């Protein structure tokens, strides 16, 4: 009987598909691996007013209460959701191993598809540290792919990220974020998506989930930001953020970057509402060399603890001679909510001059949304969709991409979790349309999974 039980459990694990989607509060949803730099700016813009420390309120404070302090999260590279930066420092090491297999209808992303079976191995290693004044998390995850068809060679993708939050005093806070990605562009679409924080809900950026340039070979993408937030008073905060993003696709011989500096002022008008204003300037370098300037404002609303809405909008001016549309309206909107501890959903959209996985572009639009539902005590079903369009790329005149996916995952004892997943992609690159679909089942073992790494 014992042997049969063990064999049965092993078969169940292999036939199951995983994503670390445990209880809904620990579930992964989408801040841009690719648009993380700009999202960091937007987060600083809308969240700076929530960092006030009640123990250090000024004597001349008005009757308006500052916003309640929000937890700070880092997106997990292995797709398990958000990791709280201020979580206990007693457990430092984060480790998991994922293996899976499935069917890819168009690995080469060609107009005439040639499908193949695919298998993957993806270890994950992270380190987390939290003290009274500082929080740190660094992560690394390679993904190794192989195909049953001899037409397609084995591939490997390497991703790394790091976040550090340092409280220098009761008024001054520093934050550093970095993200790096190197490997074949197509492999990125088959690896786990990195979550971004939409309030307290993890989400997936449309700019990362739907962007893919076919036949571009290896892609290098690096993004980073440094920000300082200074609390002028109980309700007023000023934040200065410097960002840099760089992208290079080897076979397309396309490369470029953008360095941006933003100054933002935030005022909390109540515990649930804050408004802000910003001014920023950036320099594109590489294939597209020009300057961009903008100003604007927005608000952040938290009607309840697990619901948040952020809006930022303003005019943007560029000096680029590469297109007639030098002036435009930039905007960034994000919404996330949890409902009754079983449902959670998010929505993101933006319109920016930026550098992403597609390379530098005069204007880039992206949108994404997703929903998850806890169907059992240990099982979660989720669905998401992403969209991106970009113009004035060097190698192609325009790009448009759509992605969609459905997942069902559940947890097993001893740190095991399984996932069934389906993903679809439809792209239009310079007028050439391609489609791609992937069905996959995978299993993950997480070190001390029942104690430590549950996504939150």
### residue 380 vs. criteria at pLDDT 90 or above, assigned to a strand (DSSP E or B) and surrounded by fewer than 18 Cβ atoms within 10 Å (Cβ to Cβ)
no
## Note on the structure
residue 413 fails exactly one of (1) surrounded by fewer than 21 Cβ atoms within 10 Å (Cβ to Cβ); (2) over 26 Å from residue 98 (Cβ atoms), namely (2)
#### Entry: Selection from region 118-136 of residues that are assigned to a strand (DSSP E or B) and surrounded by fewer than 13 Cβ atoms within 10 Å (Cβ to Cβ)
none
### Task
Determine whether region 444-454 contains at least one residue that is at pLDDT below 90, part of a strand (DSSP E or B) and under 22 Å from residue 187 (Cβ atoms).
no
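Conditions tested, residue by residue: (1) within 22 Å of residue 363 (Cβ to Cβ); (2) within 22 Å of the chain's Cα centre (by Cα).
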site: 170; (1), (2): no, no
site: 174; (1), (2): no, yes
site: 179; (1), (2): no, yes
site: 190; (1), (2): no, yes
site: 194; (1), (2): no, yes
site: 205; (1), (2): yes, yes
site: 220; (1), (2): no, yes
site: 259; (1), (2): yes, yes
### Task
Among the residues of region 214-244, write down those that are assigned to a loop (DSSP other than H, G, I, E, B) and touching a helix residue (DSSP H, G or I) at 6+ places or on another chain (Cβ under 6 Å).
216
### Message
Just the residues that are in contact with a helix residue (DSSP H, G or I) (Cβ under 7 Å, 6 or more places away or on another chain) and either at pLDDT 95 or above or over 23 Å from residue 440 (Cα atoms) (or both), please, taken from region 172-195.
### Response
177, 179
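The values are calculated or read from the model by the stated rules, or taken from the named source; none is laboratory data. In this text, all values refer to a predicted model and were calculated from it rather than measured experimentally. Ideal geometry is used to build each Cβ from the backbone, glycine not excepted, and the neighbour counts take in all protein chains shown.
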